[in-house]
Structures are given as C-alpha cells and as structure tokens.
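Since the structure comes first, as structure tokens, the remarks are kept for the end.
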Amino acid sequence: MNRLFLSPPHMSGKEQEYIAEVFESNYIAPLGAFVNKFEESVKAYTGTSNALALSSATAGLHLALRVLGIGKDDVVLASTFTFIGSVSSILYQEATPVFIDSDESWNLSPELLKKSIKELAVKPKALILTHLYGQMAKIDEIVAICKEEGIYLIEDAAESLGASYEGQQSGTFGDFGVYSFNGNKILTTSGGGMLVSNNQEWIEKSMFLSTQAREPFLHYEHKEYGYNYRMSNVLAAIGVAQMEVLSQRVERKREIFEFYKEQLAEVEEILFMPEVEHSCGNRWLTTLTFEKTDPLKVIEALEKVDAESRPLWKPMHMQELFKDSQTFVDGTSEEMFNRGLCLPSPTKSTNRELMRVVEAIKSVCS
Ligand SMILES: *Cc1c(COP(=O)(O)O)cnc(C)c1O
C-alpha cells in the first residue's frame, strides 16, 4: 500500500529540465533568470503588480511588518486559528499580538475584529489574516473594516495560492500578501515564499532588506540591518515549473474535497469546512469536524490503512507561548480544534486510493 500523505509534493515533470538550465548557465546562486521568471509567473497568475521571491513565507511576513514600520509595543491583530509561522514575525519585531477568533466560516470573524478595535486601549497597526486551509476569509468585510480604521492588512495566503473571491486572487486584497512554497503546500519549491504587494516602493524596500540591506556602493556599506531571505535560482526553477500546473492542482484538490463530501454524506455527524459565498478556495486540505466521534480514534483508524491525518491547527491563544496575550475569542476555534481533522489530500492520488480513507472513517463514525 502507498502511504497517503496529507499534501506531498507533486512535481509537474518540467522541474528537472529547468534546473538543468540553471546548472548549464552556472547561475546556481544567488540570483538568476529563474528568480525573475518565478516572480513574473506569480504576478501573472494572481494579478498583483509586484512580487519578491524569498526563502519562506515566514520571511515574507517579517519583511512586511518591518517595511510597515511595526516595532516594539505596536499591536498587531491576527487570526488565532492558524499556524505559528503566521504570527512569529510579530515577536521578531517585538510587537504585541492580539488574537481574534473565527466564526462559522472557520476564518477570522469580522464581528470580533470590530469588537477588538473598539475595546483595545491602543489602536492596532496591522492585521495578519490567514485564509485557512486554502479557503477565503470574509475578505470584503475585513478589507472594509481595515480601510475604515486605518489598519494595514497583511494576508497570510501561505495555504491559499490559487484561491479567489469574486475572481480576485487571495493575497492581492491587502497591503501585502504572502504565499508559501514549503514542502506540504499546494505547490512547493522544497522551501520558499513569495511576498506580493501593489505598492512598488514597499516591495523594493523588502528586496533591499532581504539581501542584507546593502547600500548601493562597490564596497559593503550599511546604514541599517537586513536579512538573508532571498530565494535561490535553483529553487526558483522548481517554482516556475510548479506555477505552470497551479490551475490543475487547484482543480484536483477541489475534486478530492467533493469526493470525500459525497462519499461521507451519509455520516451525519461530519461537517466539512464551508466556502464563503462568491469565493472559490483551493481546498489545500480537506478538513472536517465530528460531532460525536473522538478525532483521535479516526486518526488511529486511518493509520491502520496507512493514511496520514492530523488535528486542525491548535489556536494560537491556546499555546503556552501566548498565554499572556490578549484575545478576542468565543470558543469557536477551540471547539474546532477539539473536534476537527485534516484528511489526506494528495493531488497525485486516485479516488480509488481515497476510498481507503472513506471506509476507515465510516468504520468508526456513526
Ligand atoms: C505554512 C504556513 C506558513 C509558513 O510558511 P513557510 O513558507 O513555511 O515559512 C505561514 N502561515 C500559514 C498559515 C502556513 O500554513
């Protein structure tokens, strides 16, 4: 039996050809033509006007905060129902995170967002909004609130490359957006990220900071410090090949979701992650909650058929690391964490293989 992983890499077949070109040109590092091509392909697909290829999405979020001038004691609002990489940059900048819960969309609640702005003693500088598991948050409402309140919006689209709302791609609504090309995302360069913005100056400043903040002199001159965050040309070659199949990957991820949904329709206690009206998520992972059955029992049953599954993200406000952080939560994400599961969603799999997952779930659920 082939182990069914959550979201393993799925190469297009062109990657090695492009890597060979990199080797022939000897532009192994640091930069080279493929870094530009990769940025161009992300710009073309998402419709954003500026893109910067980086070593990770976490690096992109860090640069966004730095460029927006967010520093010590500034308040940054964030989705609590997310992965740590979404919010660790707030700590890098010694700013103060405030966590906001989800609503029935599983994504950030616009109501709790409004409440937090109203009740906080200081005005927040920015919001880091996650589009969870590749499904769009209520982006139109959230954009409107941020605009009205003068709060920068940074979209953590690490999981949602290819998702859209009314035809507009995730990551392009805010002041900054960030995509991840880490090993388990919908596309991968083995590790990498892309920072996007419609503000050219901000992306230029991000580029400067991502390459050690070198002043434009022949010798090494520094007025401020930067980071070593740029992507290598070898990995960008993988990215160019991966971008060519993004539409196909989204299509298959959505098929996998529909397959699970149909096959498990008779299991009444199961609720799948919804899709906000007018949006089209990439269904990076098929995720669901069980009303009665303990998810750990389901994980056990899936292990027996060699299928990987995981609990949903443990909300940030439940983490020891953030035990002293201020929160605006109502128990929604905590409940989902206790009841939820991510199912194997490999784009390479066949529906026949996925039947193993369906049958194992049916065997333990009522
Ligand atoms: C994966 C992920 C990140 C971090 O991406 P890296 O490229 O691994 O740094 C950030 N936020 C979310 C929501 C993620 O899923």
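Overview of values
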item: Antiparallel bridges, percent of DSSP beta bridges restricted to the chain (to nearest 5); result: 55
item: Rh by Kirkwood over Cα pairs, then Stokes-Einstein D for the stretch 246-365 at 1.567 mPa s and 4 °C, µm²/s; result: 84
item: Amide H contacts under 5 Å for Arg230, placed H, 5+ residues apart; result: Ser55
item: The stretch 227-244 - phi-based ³J(HN,Hα) in whole Hz, Karplus 6.51/-1.76/1.60, Gly and Pro as x; result: 9, 9, 10, 6, 8, 7, 5, 5, 5, 5, 4, 4, x, 4, 5, 5, 4, 5
item: Size of charge dipole - the chain - debye, nearest 20, with Cβ of Lys, Arg +1 and Asp, Glu -1, no other charges; result: 620
item: Charge dipole (the chain, unit charges on Cβ, about Cα centre) - positive-most of Tyr229, Phe23, Gly340; result: Phe23
item: In order through the stretch 31-37: 3J(HN,Hα) via Karplus (6.51 cos²θ - 1.76 cosθ + 1.60), integer Hz, x for Gly, Pro; result: 10, x, 4, 6, 5, 5, 4
item: 11 Å beta-carbon shell around Gly134, net charge (K/R +1, D/E -1); result: +3
item: Rg [Å, one decimal], Dmax [Å, integer] - the stretch 196-249, C-alpha atoms; result: 15.1, 47
item: Sequence-distant residues sharing a close amide H with Cys342 (under 5 Å, placed H); result: Arg310, Leu312
item: Extension gain from Ala33 to Lys14, taking 0.36 nm per residue of separation minus the Cα-Cα distance; result: 5.2 nm
item: Rel. contact order, % - alpha carbon contacts under 8 angstrom, at least six apart, the chain; result: 25
item: Cα shape, the stretch 82-139, gyration tensor, a/c 1.5 rule; result: oblate
item: Lysines whose Cα lies under 30 Å from that of Lys253, excluding same-chain neighbours fewer than 8 positions away; result: Lys14, Lys37, Lys43, Lys138, Lys185, Lys261, Lys292, Lys297, Lys304, Lys314, Lys348, Lys362
item: In Å, descending, principal axis extents of the Cα set of the chain; result: 69, 57, 36
item: Rounded, prolate or oblate (a/c below 1.5 giving rounded, otherwise prolate when a/b exceeds b/c) for the stretch 113-244 by Cα gyration tensor; result: oblate
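Each reported figure results from applying straightforward, stated rules to the coordinates on display, with no laboratory input. This structure is a prediction, so every number in the text was calculated from the model and none was measured. Don't worry about glycine lacking a Cβ; one is built from the backbone with ideal geometry, like all the others, and counts go over all protein chains shown.
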